[in-house]
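See structure below.
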Amino acid sequence: MGRSTMMSDANVRIPEEAKERLAAIAAAEGLSLRAYLARLAETLLTPAERAERAEKALAALKEWNGYAPTAAEEQDLDSVLDRRLAQATGR
């Protein structure tokens, strides 16, 4: 994900509270809302990028220590992670 010198304007409709929250976060980091959103977009992964990283991580684990979970094991582990994340975030 490299930086582009091209700029385009975009109108995005979000709740006022969300805009104010994002603007406050940006200001606290010394950024404009536009700069903060551009930086945020550079740091987030698309679903395809996340899948690619996960695939590479599994391949590295398999090569390193033979870890190769079955689809059922992956699903069980995902369920455990989802439950723990929900507990940690109070959701």
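Between LEU33 and ASP82, the simple spin-label model (points 7 angstrom out along Cα→Cβ) gives 3.4 nm.
Given a Förster distance of 22 angstrom, what is the FRET efficiency for ARG50 paired with LEU22, based on the Cβ-Cβ distance and rounded to 0.05? Write down the numbers at each step before the final one.
Values: r = 23 Å, r/R0 = 1.02.
According to the calculation, E is roughly 0.45.
Taking every protein chain into account, the accessible area of region 40-91 amounts to 89 square angstrom per residue (probe 1.4 Å). Both radii are taken from the alpha-carbon atoms of the chain; with Rh as the Kirkwood radius, Rg/Rh is 1.11.
The values are calculated or read from the model by the stated rules, or taken from the named source; none is laboratory data. Nothing here was measured: the structure is a model prediction, and the numbers come from that model. Please note: Cβ atoms are built from the backbone with ideal geometry, for glycine as well, and neighbour counts cover all protein chains shown. Please note that ligands, DNA and RNA were not included when accessible areas were found on the heavy atoms of the full protein model with its side chains. Shrake-Rupley method; radii C 1.70, N 1.55, O 1.52, S 1.80 Å.
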